[in-house]
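Everything on this sheet refers to the single structure shown next.
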Amino acid sequence: MAYFVAVWILMLLACFCVGTAILQALHIHKRFCEGDRFILAEWIGLLALAISSFSVTLFVPLSLPVSLGLGTVLLSLALSSSDVRLALKQTWKVCPTGVKLSGFLGLCAIALYATRSVTWIDTGLYHVSTIKWLVQYGTVPGVALIHDRLGFASSWFSLIALFNPALTGMRAIAIPNGFVAILSVLHLLIGIRTICRFSPRLADWFIVIANSLLIFLLLGSTLFTELLASASPDIPIIFLTILTAWFILVIQDPQTIQPDKTNATPWAIAILPLFFGINGFAIKLTAIPLLVMTLLFYSLHVRFHFKALLKGAVLTVLLLLPIAISGQITSGCPFYPSTLLCTDVPWSLATQLQGYALAPTVGIRNWFPEVLPDTRLLPWAISFWLGIEVMNQVMAALLLVSLALMGYMVWRWGIVRFSSMAFVPLLGLLGSLFIAVLSPGIRFGLGYLAIIPVWGLAKLLFSVTQSRPNAMRRFTHLLTLLQRQSKWISWALMVIYAFGFAMSLGHSGVRARLAFPPALPTAEVTAVQLNDVHYVYPATPEASVLCWGAELPCSTGSIQVNIRLRQSDAGLSGGFEYAP
């Protein structure tokens with residue numbers, strides 16, 4: 001836990017500085033209130049660090065010196081601005097000592113969840129192997145020939161690689177997911193504070209409700225608890241989707257954006273949702289709806305102005321280029337497992353291998369077993385899918401509520417009035433339908449599925465507070481009284497947490513991970529040679545096809561195609577290709 005907490009503190013510092021520098025470069029840092037600016041800076045810095053580290057892997061491995069060098073360069077560039085240094089100093093000063101100590105204990109509490117044993121199957125299947133390739137060799141040509149999922153490019157894996165040098169034994173793979181949970185808690189608290197102190201905005205109600213729901217699931221659901229303590233890129237996509245919807249609501253409310261006293265142009269603010277959408281796509285392809293809607297939002301917001309559209313296009317190409325290049329290098333397909341723009345290179349995956357990679361996650365038929373010829377597919381598939389797990393029933397309920405709310409809003413307000421506020425619910429609808437058709441799993445689409453119900457409830461609460469100001473004043477008065485006692489509440493919470501933490505030390509599992517999380521599961525492997533390629537694969541049936549931390553290269557089984565090293569003298573770093 002100590003390693004996680006220390007890294008998170010450094011990440012809070014570095015991401016804030018990098019994000020603030022970017023906001024200042026766009027001349028929009030003074031156009032947001034203090035809380036919004038802090039959250040935006042942290043997320044922008046985090047995503048910038050992820051895509052920067054991924055770009056570095058195209059040239060060199062993310063070894064410890066390279067990781068430290070990258071972090072030092074980015075932080076030095078950010079701190080070279082006196083405005084960034086001033087913003088950092090002011091942010092530190094506005095936090096009372098009790099709040100800082102409570103925040104530290106909050107990091108420790110999240111670390112208790114994030115440092116548990118990793119059990120998520122995809123992490124053992126290919127997450128850890130992918131991260132190890134990035135740490136030891138960088139982006140390797142034809143590595144998808146070893147294991148098709150090693151061709152899945154994600155900037156999230158390179159971000160994880162930054163904090164998992166060889167000496168950690170890949171024990172810290174949950175650091176970025178835990179950091180996302182920290183940002184969500186901070187955003188929730190900032191939203192509550194804004195509701196207490198100011199006239200609450202629709203965006204404030206939205207983020208408070210949404211993050212309350214997501215944090216509850218992170219703590220109370222076995223599925224999302226497993227995801228939190230893993231390297232899964234599903235966690236950042238869920239929260240990034242909610243963050244983007246929140247920020248669109250902020251932009252659409254003219255009272256929330258402070259008057260422009262700089263030389264910022266309209267595209268500068270609208271490009272931030274686009275930045276989120278592009279980086280979401282760089283993390284995982286399930287963010288396609290997010291990318292499409294943010295592209296559309298940006299285009300409409302700048303009124304299709306040519307220069308603004310050109311800037312958006314340049315940003316999109318620059319941020320997606322590393323992903324496309326990586327896919328081309330590893331599999332011959334820029335956006336693998338999609339066959340879009342695939343080229344014929346000596347390591348291009350065969351068509352049947354691409355279909356195999358797509359099968360588990362794309363296409364509703366691939367999620368179900370064979371059915372009898374006379375069976376009606378859709379009713380049977382829905383019934384079968386609902387019976388698999390409770391979370392599928394939750395997903396179905398959210399989808400039905402979303403569709404019902406969309407229909408009601410169009411009927412209640414009319415298509416013209418609804419269209420003026422439709423971007424956020426349309427993002428939820430498009431994303432929900434995309435996930436329901438192609439990848440019907442709640443971990444892929446929770447962010448999309450939650451948008452419309454949360455937006456509807458936030459709209460209701462916002463309307464009530466606007467139409468009944470006395471009720472809102474009584475509510476905020478109560479919260480304000482509590483806030484005035486925040487110092488004592490903070491100290492009381494610290495005492496309670498310290499007592500609970502001391503009690504938890506009596507548990508051997510907690511004591512064993514005070515410094516680092518438990519070691520990853522081990523896989524018994526069989527060593528095999530194919531031409532000049534020496535590789536391993538899981539040997540026992542109980543191990544299934546999980547490599548976990550096995551030595552590289554590790555495949556899911558015996559490699560069924562004839563491959564060889566591309567450059568024998570370069571070893572594994574030279575990559576792989578088909579043998580004649």
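If you scan segment 196-208, which residues turn out to be open to solvent by 30 Å² or more (accessible area, probe 1.4 Å) and either outside any helix (DSSP H, G or I) or among the aromatic types (Phe, Trp, Tyr) (or both)? Quick ask: steps written out before the conclusion?
So in segment 196-208, the residues open to solvent by 30 Å² or more (accessible area, probe 1.4 Å) come out as 197-199.
Answer for segment 196-208, where residues must be open to solvent by 30 Å² or more (accessible area, probe 1.4 Å) and either outside any helix (DSSP H, G or I) or among the aromatic types (Phe, Trp, Tyr) (or both): Phe198, Ser199.
Which of the residues belonging to segment 30-66 are of a type in the set (S, T, N, Q) and more than 23 Å from Phe281 (Cα to Cα)? Full working, then the answer.
From segment 30-66, those of a type in the set (S, T, N, Q) are 52-53, 55, 57, 63; that's our starting set.
Answer for segment 30-66, where residues must be of a type in the set (S, T, N, Q) and more than 23 Å from Phe281 (Cα to Cα): just Ser63.
Scan segment 11-25 for residues that are touching a residue at least 12 places away in the same chain (Cβ under 8 Å) and not β-branched (Val, Ile, Thr) and jot them down.
Of the residues in segment 11-25, the ones touching a residue at least 12 places away in the same chain (Cβ under 8 Å) are 11-24.
Met11, Leu12, Leu13, Ala14, Cys15, Phe16, Cys17, Gly19, Ala21, Leu23, Gln24 - these are the residues of segment 11-25 that are touching a residue at least 12 places away in the same chain (Cβ under 8 Å) and not β-branched (Val, Ile, Thr).
Which is closer than 27 Å to Val545 by Cβ, outside any loop (DSSP other than H, G, I, E, B) and touching a Gly at 6+ places or on another chain (Cβ under 7 Å), of Ala144, Ala153? Outline the logic, then answer.
Working: Ala153 fails: outside any loop (DSSP other than H, G, I, E, B).
None of the others qualify; the one that does is Ala144.
Could you check how many residues of segment 526-580 are in contact (Cβ under 8 Å) with a residue 40 or more places away in the chain, more than 13 Å from Val143 (Cβ to Cβ) and among the aromatic types (Phe, Trp, Tyr)?
2
In segment 289-305, which residues are without any contact (Cβ under 8 Å) to a residue 60 or more places away in the chain, open to solvent by 40 Å² or more (accessible area, probe 1.4 Å) and touching a Leu at 6+ places or on another chain (Cβ under 8 Å)?
Leu295
For (1) closer than 29 Å to Ala25 by Cβ; (2) surrounded by 15 or more Cβ atoms within 10 Å (Cβ to Cβ); (3) not basic (Lys, Arg), each residue gets a yes or a no:
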| site | (1), (2), (3) |
| --- | --- |
| Leu88 | yes, yes, yes |
| Cys108 | no, yes, yes |
| Ala114 | no, yes, yes |
| Ser117 | no, no, yes |
| Asp122 | no, yes, yes |
| Tyr126 | no, yes, yes |
| Thr130 | no, yes, yes |
| Arg149 | no, yes, no |
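Anything in segment 22-45 that is open to solvent by less than 30 Å² (accessible area, probe 1.4 Å), closer than 19 Å to Ser80 by Cα and hydrophobic (A, V, I, L, M, F, W, C)? List them, or say none.
Matches in segment 22-45: Leu23, Ile28, Ala41, Ile44.
Within segment 209-233, how many residues are of a type in the set (A, V, I, L, M) and without any contact (Cβ under 8 Å) to a residue 40 or more places away in the chain? Steps first, answer last, please.
From segment 209-233, those of a type in the set (A, V, I, L, M) are 209-210, 213-215, 217-219, 223, 227-229, 231; that's our starting set.
Add one more test, that the residue is without any contact (Cβ under 8 Å) to a residue 40 or more places away in the chain, and what stays is 215.
Residues meeting the conditions: 1.
Identify, please: which residue in segment 209-224 is modelled with pLDDT of 90 or more and not hydrophobic (A, V, I, L, M, F, W, C) and is, among those, surrounded by the most Cβ atoms within 10 Å (Cβ to Cβ)?
Asn211
Residue by residue through segment 49-60, note down the ones that are surrounded by 21 or more Cβ atoms within 10 Å (Cβ to Cβ) and of a type outside the set (Ser, Thr, Tyr).
Filtering segment 49-60 for residues surrounded by 21 or more Cβ atoms within 10 Å (Cβ to Cβ) gives 49-51, 53-54, 56-57.
Answer for segment 49-60, where residues must be surrounded by 21 or more Cβ atoms within 10 Å (Cβ to Cβ) and of a type outside the set (Ser, Thr, Tyr): Leu49, Ala50, Ile51, Phe54, Val56.
Going residue by residue through segment 543-559, is there one that turns out to be of a type in the set (D, E, K, R), surrounded by fewer than 18 Cβ atoms within 10 Å (Cβ to Cβ) and not in a loop (DSSP other than H, G, I, E, B)? Before you say what the answer is, go through the steps one by one.
If we filter segment 543-559 for residues that are of a type in the set (D, E, K, R), which is where we start, we get 551.
From the residues that got through so far, the ones that are surrounded by fewer than 18 Cβ atoms within 10 Å (Cβ to Cβ) too are 551.
Applying the additional criterion that residues be not in a loop (DSSP other than H, G, I, E, B) yields none.
The answer is no; no qualifying residue exists.
Looking at Ser184, Ser232, can you tell me which residue is at pLDDT 90 or above, part of a loop (DSSP other than H, G, I, E, B) and under 27 Å from Leu285 (Cα atoms)? Break it down stepwise before answering.
Numbers: Ser184 fails: part of a loop (DSSP other than H, G, I, E, B).
Just one listed residue meets the conditions, Ser232.
Collect the residues in segment 158-195 that are open to solvent by less than 20 Å² (accessible area, probe 1.4 Å), of a type outside the set (Val, Ile, Thr) and more than 20 Å from Phe516 (Cβ to Cβ), keeping them in residue-number order.
Ser158, Leu183, Ser184, His187, Gly191, listed by residue number.
Tell me yes or no: at least one residue of segment 306-317 is under 16 Å from Phe54 (Cα atoms), modelled with pLDDT of 90 or more and either open to solvent by 60 Å² or more (accessible area, probe 1.4 Å) or of a type in the set (Ser, Thr, Tyr) (or both).
yes
If you take the residues in segment 325-344 that are of a type in the set (A, V, I, L, M) and without any contact (Cβ under 8 Å) to a residue 24 or more places away in the chain, which one is surrounded by the most Cβ atoms within 10 Å (Cβ to Cβ)? Outline the logic, then answer.
So in segment 325-344, the residues of a type in the set (A, V, I, L, M) come out as 325, 329, 340-341.
Within this subset, residues satisfying the condition of being without any contact (Cβ under 8 Å) to a residue 24 or more places away in the chain are 340-341.
On the way: Leu340: 10, Leu341: 12.
Per the stated criteria, the residue is Leu341.
Out of all the residues in segment 60-102, which are of a type in the set (Gly, Ala, Ser) and modelled with pLDDT of 80 or more? Walk me through it before giving the result.
Kept after step one, since they are of a type in the set (Gly, Ala, Ser), are these residues of segment 60-102: 63, 67, 69, 71, 76, 78, 80-82, 87, 98, 102.
Matches in segment 60-102: Ser63, Ser67, Gly69, Gly71, Ser76, Ala78, Ser80, Ser81, Ser82, Ala87.
Within the bounds of segment 26-41, is there any residue that is part of a helix (DSSP H, G or I), under 23 Å from Val250 (Cβ atoms), touching a Phe, Trp or Tyr at 6+ places or on another chain (Cβ under 6 Å) and in contact (Cβ under 8 Å) with a residue 24 or more places away in the chain? Don't jump to the end; show me each part of the working.
Restricting attention to segment 26-41, the residues satisfying the condition of being part of a helix (DSSP H, G or I) are 29-31, 34-41.
Applying the additional criterion that residues be under 23 Å from Val250 (Cβ atoms) yields 29-31, 34-41.
If we keep only those that are touching a Phe, Trp or Tyr at 6+ places or on another chain (Cβ under 6 Å) too, we end up with 41.
Of the ones still in play, those that are also in contact (Cβ under 8 Å) with a residue 24 or more places away in the chain are 41.
Taking every residue of segment 26-41 in turn, at least one turns out to be part of a helix (DSSP H, G or I), under 23 Å from Val250 (Cβ atoms), touching a Phe, Trp or Tyr at 6+ places or on another chain (Cβ under 6 Å) and in contact (Cβ under 8 Å) with a residue 24 or more places away in the chain.
The values are calculated or read from the model by the stated rules, or taken from the named source; none is laboratory data. Keep in mind that this is a model prediction, so the values were computed, not measured. Here Cβ is always computed from backbone atoms with ideal geometry, including for glycine, and neighbour counts include all displayed protein chains. Ligands, DNA and RNA are stripped out before the accessible areas are found, and what is left, the full protein with its side chains, is counted by its heavy atoms. Shrake-Rupley method; radii C 1.70, N 1.55, O 1.52, S 1.80 Å.
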